[in-house]
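This report concerns only the one structure given below.
Please treat every number below as a calculation from the coordinates, not as lab data. Please read these numbers as outputs of a predicted model, since none were measured by experiment.
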């Protein structure tokens with residue numbers, strides 16, 4: 001799916017190795033998002049970093065207008 005982040009957000013994200021959690025800036029723009037096998041939604045930032053959200057956290061971001069669902 002594709003989402004739009006409406007304004008720059010600093011999100012907790014994993015590096016590609018998934019061993020190091022860091023706070024990474026996700027500038028406003030469009031991003032690809034995937035469902036993970038453990039039921040989370042993963043937002044990809046330039047293929048290197050991945051922020052993960054539970055479904056309820058993702059839904060909250062949508063309701064606050066921080067995320068806009070472009071395509072599912």
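Data for the structure
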{"quantity": "Volume in Å³ per residue [convex hull over Cα atoms, computed for the chain]", "calculated": "80"}
{"quantity": "With Cα atoms, 0 to 90° folded angle of helix 55-64 axis to the chain main axis", "calculated": "50"}
{"quantity": "Selected from 51, 22, 33 as most flexible by GNM, with the chain as the system and alpha-carbon contacts under 10 Å", "calculated": "22"}
{"quantity": "Residue-averaged [θ]222 nm for the chain, counting only DSSP H segments that reach four residues, each worth -39500 (n - 2.57)", "calculated": "-4000 deg cm²/dmol"}
